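K.L.:
Right, I'll just put the structure down here and ask away after.
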Amino acid sequence: ALERTFSIIKPDATERNLTGAVNAKIEEAGLRIVAQKRIQMTRGQAETFYAVHKERPFFGELVDFMISAPVVVQVLEGENAITKYRDVMGATNPEQAAEGTIRKAFAKSIGENSVHGSDAAETAAMEIAQFFSGNEIVG
Ligand code: CMP
């Protein structure tokens, strides 16, 4: 089915000027970038976004990292966009990521792993709504 997923190009990637390189991999995979903006996340936004992880030992480190530099938030559209983007991203740990994936190419570590993508339809809808209003998404 035609789906939308939410993507973040994380600080380790924006700092190394990899926004265009990541977008090339997204578009080569047949996903369409239907909304995109570069923002400096606030601590509150990052804590809300990662609320499901708040009991994890790495939560503080994760929030600090996500506000350490600008990020690019995006909505991607395509057939099976949620699964397709997770395939394009590769495994969370770049050491386990397959050849050709974004994380294999660019990620520095399990924390500084260059991109985020929604894991399911319900989370995609919530994550998109946190950062975009309907009129900012142009399919
Ligand atoms: P993401 O898909 O954005 O969702 C949760 C993030 O937590 C994940 O990517 C990783 O960047 C981060 N994460 C997961 N496990 C660890 C870990 N062991 N140490 C630090 N960060 C982690």
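The values are calculated or read from the model by the stated rules, or taken from the named source; none is laboratory data. Treat the numbers as computed from the prediction; the structure is a model and nothing was measured. Note that we place each Cβ from the backbone using ideal geometry, even for glycine, and neighbour counts take in every protein chain shown. Areas reflect the complete protein model, heavy atoms only, side chains present, ligands, DNA and RNA absent. Shrake-Rupley method; radii C 1.70, N 1.55, O 1.52, S 1.80 Å.
K.L.:
Can you give the local net charge around ILE82? Use residues other than it whose beta-carbon is closer than 9 angstrom to its beta-carbon, Lys and Arg +1, Asp and Glu -1.
P.N.:
Counting the neighbours of ILE82, the net charge comes to +1.
K.L.:
Within the chain, what whole-number % of the accessible surface is contributed by carbon and sulfur, with the 1.4 Å probe and all protein chains included in the calculation? Mind showing how you got there, number by number?
P.N.:
On the way: 3490 of 7100 Å².
Roughly 49 percent of what the probe reaches on the chain is carbon or sulfur.
K.L.:
What are the equivalent ellipsoid semi-axes of the chain, built from the alpha-carbon gyration tensor (square roots of five times its eigenvalues), in whole angstrom, biggest first?
P.N.:
They are 20, 18, 14 Å, listed from largest to smallest.
K.L.:
Counting alpha carbon pairs within less than 8 Å and at least 6 residues apart, what relative contact order, in whole percent, applies to the stretch 44-124?
P.N.:
21
K.L.:
Accessible area per residue for the chain in Å², computed with a 1.4 Å probe and the full protein assembly in place, what is it?
P.N.:
Value for the chain: 51 Å² per residue.
K.L.:
How high is the relative contact order of the chain? Use alpha-carbon pairs under 8 Å, at least six apart in sequence, and give a whole percent.
P.N.:
38
K.L.:
For MET126 and GLU79, what is the calculated FRET efficiency with R₀ set at 25 Å and r taken between the beta-carbons, to the nearest 0.05?
P.N.:
0.70
K.L.:
May I ask you to list the residues of the stretch 76-91 whose amide nitrogen lies under 17 Å from a point 7 Å from Cα along the Cα→beta-carbon direction of ALA1?
P.N.:
76-85
K.L.:
Between ALA98 and SER133, what is the FRET efficiency for a Förster distance of 22 Å, r being their Cβ-Cβ separation, to the nearest 0.05?
P.N.:
0.05
K.L.:
Shifting gears a bit: Starting from the Cα of GLU27, step 7 Å along the direction of its Cβ; do the same at GLU15; then give the gap between the two resulting points in nm.
P.N.:
2.7
K.L.:
Among ALA21, ILE137, ILE110, flag the residue with its Cα farthest along the positive direction of the charge dipole of the chain, charges on Cβ as +1 for Lys/Arg and -1 for Asp/Glu.
P.N.:
Going by the Cα projections, it comes out as ALA21.
K.L.:
Across every pair of different alpha-carbon atoms, what Kirkwood hydrodynamic radius in Å does the stretch 84-139 reach?
P.N.:
Every distinct Cα pair counted, the radius reaches 12.4 Å.
K.L.:
For every other residue with a beta carbon closer than 11 angstrom to the beta carbon of VAL138, add +1 if it is Lys or Arg and -1 if Asp or Glu, then tell me the sum.
P.N.:
-1
K.L.:
Let me ask you something else. If you plug each phi of the stretch 68-80 into the Karplus form 6.51 cos²θ - 1.76 cosθ + 1.60 with θ = phi - 60°, what whole-Hz ³J(HN,Hα) values come out, in order, with x for Gly and Pro?
P.N.:
Values per residue, Gly and Pro as x: 7, 6, x, 10, 10, 9, 9, 10, 10, 10, x, 5, 6 Hz.
K.L.:
Could you tally the net charge around LEU18, taking each other residue with its Cβ under 14 Å from the Cβ of LEU18, Lys/Arg +1 and Asp/Glu -1?
P.N.:
Around LEU18, the charge tally is +4.
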